[in-house]
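The values are calculated or read from the model by the stated rules, or taken from the named source; none is laboratory data. Since the structure is predicted, the reported quantities are computational estimates derived from the model, not experimental observations. Glycine also receives a Cβ, built like all others from the backbone with ideal geometry; neighbour counts cover every protein chain displayed. Surface areas here come from the heavy atoms of the whole protein model, side chains and all, with no ligands, DNA or RNA. Shrake-Rupley method; radii C 1.70, N 1.55, O 1.52, S 1.80 Å.
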Amino acid sequence: MKEEQLFPGEPERNEEADRLLEQFLRSDVMSPLSSSFAARVGRKAARRLVMRQHLLEFLSYTAAILLPLGVLGVVLYFSGREQLQEWAAWWDTARPFLVGGGGILFFLLVADKVLLPWLFFFYGSHKGARGK
Amino acid sequence: MSDAELVGRVLNGNEHACRFLVAQYQKLVQHVVGRMVLQEEVVEDLCQDVFMKVFRRLHTFRGDARLSTWIATIAYNTTATYLKRNKGRKETSLDHGGVMALEDGDLPACDMADAGEVRRLLQASIEKLPVHYRTILTLFYLEEFSYREIGEITGMPEGTVKSYLHRSRQLLKSQLEKVLDHEGRTVISR
């Protein structure tokens, strides 16, 4: 029946072409991404975001510690050489403690939160890639 | 969940929110990338690149536009950059040469036995269109973005978007009408 209606009429054929085209353009003809895509990309992104956050925290703490030390150093330098020598003597005595404390602080702020997760992350990605 | 809420959770490193964002927008990204690139083997990798860029730049999302528009813009730009780098390939050309190919080219001689064949022919015709045309068709019909939003995504003026959309539709329609002239009455009566 439809065949008979369409045969003589240009407008009907035009409408039918429009309808078919519209239907085609609104249909999803692509093959879907792998089912694990969202989980895989989401996990990767979350890890990177957390690491970036840790790195930012570390940089903030470092700046918070180093800036006052820098200011103190500059003040002492300009306030007199004698005082600076006193501080240098104190530094000689306290150096092992300060270096040790700095090491622990470095581990807490960088190694534990940035370097180790980074190593695990890249080891994990490498292992994941091999497993594919 | 609103866009702002989702963005906030993602930026806090919440893995579930990250997965949710990818699941929510993976179709959109796949449509943009898939229609621009046409090579299935690179689509998934490009989609992953797009999402990693989205997460990297998410802190710059101000909420002026919808998150979908913002993500589609990144998908469009990332794929356009990929196409520029792979200019040599026929299907990845960013120029408008495809229009001529479509206008001058003969339709494949196939037996238009059913609607599936019409779909295959339309798919082949879409693939011959220039990248901009294909992208605009996808954004308008499949993702239902407005002219203004498509303009924001592609960086084209609204008038150009309208004219490309009209022209690409006309080109596809003329191809379809050739088929209908030839054997279409049988096809569409099914």
Scope region B:44-88; condition under 17 Å from B:Leu137 (Cβ atoms) and hydrophobic (A, V, I, L, M, F, W, C); matching residues: B:Ala72, B:Ala75, B:Ala80, B:Leu83
Residues located in region B:27-39, provided they are open to solvent by less than 40 Å² (accessible area, probe 1.4 Å) and either facing chain A (nearest Cβ under 10 Å) or of a type in the set (D, E, K, R) (or both): B:Val29, B:Gln30, B:His31, B:Val33, B:Gly34, B:Arg35
Long-range neighbours under 6 Å by Cβ, at least six apart or interchain, first residue of a type in the set (Val, Ile, Thr) within region A:41-65, second open to solvent by less than 50 Å² (accessible area, probe 1.4 Å): A:Val41/B:Val22; A:Val41/B:Gln48; A:Val41/B:Phe51; A:Val50/B:Gly13
Tally, over region B:131-173, of residues that are without any contact (Cβ under 8 Å) to a residue 24 or more places away in the chain, open to solvent by 20 Å² or more (accessible area, probe 1.4 Å) and among the hydroxyl-bearing types (Ser, Thr, Tyr): 4
Some residue of region A:44-52 being assigned to a loop (DSSP other than H, G, I, E, B) and either at pLDDT 85 or above or touching a strand residue (DSSP E or B) at 6+ places or on another chain (Cβ under 6 Å) (or both): no
Pairs where the first residue, in region A:96-111, is among the hydrophobic types (A, V, I, L, M, F, W, C) and the second is open to solvent by less than 80 Å² (accessible area, probe 1.4 Å), C-beta under 6 Å, 6+ apart: A:Leu109/A:Phe58; A:Val110/A:Phe58
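Take A:Val41 and decide whether it is closer than 30 Å to B:Asp49 by Cβ and at pLDDT 85 or above.
So A:Val41 fits the description; yes.
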Complete set of residues in region A:1-26 that are open to solvent by 80 Å² or more (accessible area, probe 1.4 Å), more than 7 Å from chain B (Cβ to nearest Cβ) and modelled with pLDDT of 80 or more: A:Arg19, A:Gln23
Number of the condition not met by A:Asp112 [criteria: (1) among the acidic types (Asp, Glu); (2) at pLDDT below 75; (3) exposed (fewer than 10 other Cβ atoms within 10 Å of the Cβ)]: (3)
Pairs, first facing chain B (nearest Cβ under 7 Å) in region A:27-39, second open to solvent by 40 Å² or more (accessible area, probe 1.4 Å) and among the aromatic types (Phe, Trp, Tyr), C-beta under 9 Å, six or more apart: A:Ala38/B:Phe20
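Okay, residues lined up against (1) over 16 Å from A:Gly42 (Cβ atoms); (2) at the interface with chain A (Cβ under 8 Å from one of its Cβ atoms); (3) surrounded by fewer than 21 Cβ atoms within 10 Å (Cβ to Cβ); (4) under 13 Å from the mean Cα position of the chain (by Cα):
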| position | (1), (2), (3), (4) |
| --- | --- |
| B:Leu11 | no, yes, yes, no |
| B:Asn14 | no, yes, yes, no |
| B:Val42 | yes, no, yes, no |
| B:Cys47 | no, yes, no, yes |
